[in-house]
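Step one of this worksheet: look at the structure below.
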Ligand code: MEV
């Protein structure tokens with residue numbers, strides 16, 4: 001049996017605008033992860049994919065509702081093709097995950113990444129991070145329609161990335177490590193739907209949205225420089241600016257505002273939604289001294305789960 005893992009992620013700056021060519025920054029979150037195992041099955045069983053916490057038991061090649069393709073089916077078939085394997089084999093692929101689903105933490109990309117890595121290891125294919133990212137991107141298209149590619153990049157490379165759509169992820173310097181508190185609003189959101197809504201808003205008011213996206217891009221660029229020189233106070237201030245722009249873009253929500261406000265009252269350096277928005281997670285940049293106060297404030301403001309992570 002072969003096992004492989006993949007972590008979650010949060011977007012620090014630039015979600016949505018990244019779909020329109022602006023830069024964004026994302027970091028891996030290793031406190032949550034997916035494990036995928038691959039083992040040989042009995043002869044004639046074919047390839048079965050089991051993901052218990054997603055309620056999936058799927059035979060490779062079976063269509064799903066409305067003749068659609070299952071994202072995990074696509075992941076496995078693309079990987080087989082990439083490593084030159086035929087589909088006529090007997091395998092059991094099992095997935096389990098602690099990454100919350102539909103909360104902007106890259107659960108879909110992480111599941112696909114763990115499967116691709118496990119297949120690569122099982123068959124000794126030696127796929128690189130860049131190969132894995134490319135394969136997972138194809139699954140992301142099925143999940144999200146028009147993904148920028150930031151989720152598969154940060155998860156496959158498992159390091160902080162500065163990302164511009166269509167370009168490879170750039171590593172960026174973290175001048176001084178900093179702490180993030182990640183608080184789950186408890187509300188699910190569909191990235192596909194929110195991204196599609198933003199596209200509709202952009203089509204209706206192109207000039208206004210192009211300006212908003214460009215402003216988000218400037219914030220991400222400035223944030224890259226402040227993180228590189230270790231100025232976490234400035235990075236926090238920029239998170240607040242980014243949150244104000246996300247409000248204007250129309251992807252915030254009452255739950256998000258409640259958590260952002262609670263983190264501010266408790267003395268964070270900055271807070272914003274992370275991912276598609278309209279639910280999902282809020283992230284707060286905190287000093288080590290403020291971390292426990294911010295965590296407690298987020299919990300009493302309704303966060304259903306709070307994770308602390310260090311960006312190094
Ligand atoms: C989703 O994690 C981030 C979005 O910017 C969509 C994307 O980049 O594909 C909302």
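All of the numbers you see were taken from the coordinates with simple rules; none came from a lab. Values in this document were obtained by computation on a predicted structure and should not be read as measured data. For neighbour counting, all protein chains shown are included, and Cβ atoms are generated from backbone atoms with ideal geometry for every residue, glycine included.
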Q) So in the chain, what percent of DSSP beta bridges are antiparallel if you round to the nearest 5? A) 90 percent
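To the nearest whole percent, what portion of all C-alpha pairs in segment 2-171 is separated by more than 24 angstrom? Walk me through the numbers on the way to the answer.
Numbers: 4474 of 14365 pairs.
For segment 2-171, the share of Cα pairs beyond 24 Å comes to 31 percent.
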Q.
Mean-square fluctuation check for the chain, GNM, Cα pairs under 10 Å: which of 84, 279, 145 is largest?
A. 84
Q) For the chain, modelled as a Gaussian network with Cα springs under 10 Å, which listed residue fluctuates most, 187, 125, 114? A) 125
Q) Percent antiparallel among DSSP beta bridges with both residues in segment 2-171, to the nearest 5? A) 85 percent
**Q.** Rg/Rh for the chain, where both radii come from Cα atoms and Rh is the Kirkwood radius
**A.** 0.99
Q.
Using a Gaussian network model on the chain with a 10 Å cutoff between Cα atoms, which of 140, 15, 173 fluctuates the most?
A. 173
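Compute the length gained on full extension between residue 192 and residue 205: take 0.36 nm times their separation in residues and subtract their Cα-Cα distance, giving the result in nm to one decimal.
Values: separation 13, 0.36 × 13 = 4.68 nm, distance 2.01 nm.
Once the chain is fully extended between residue 192 and residue 205, it gains 2.7 nm.
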Q | On Cα atoms only, tilt of 107-122 relative to the major axis of the chain in degrees | A | 40 degrees
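Taking neighbour Cβ counts within 10 Å as the exposure measure, how do 189, 96, 300 sort from fewest upward?
Numbers: 189 22, 96 16, 300 10.
Ranking 189, 96, 300 by Cβ neighbours within 10 Å, fewest first, gives 300, 96, 189.
If each residue of separation counts as 0.36 nm, what is the full-extension length gain between residue 248 and residue 305 once their alpha-carbon separation is subtracted?
Details: separation 57, 0.36 × 57 = 20.52 nm, distance 2.66 nm.
My answer for the length gained is 17.9 nm.
Would you mind ranking 188, 43, 274 by Cβ crowding within 10 Å, fewest neighbours first?
On the way: 188 13, 43 8, 274 30.
The order, fewest Cβ neighbours first, is 43, 188, 274.
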Q. So what's the gap between the Cα centers of segment 191-256 and segment 18-89, to the nearest angstrom?
A. 31 Å
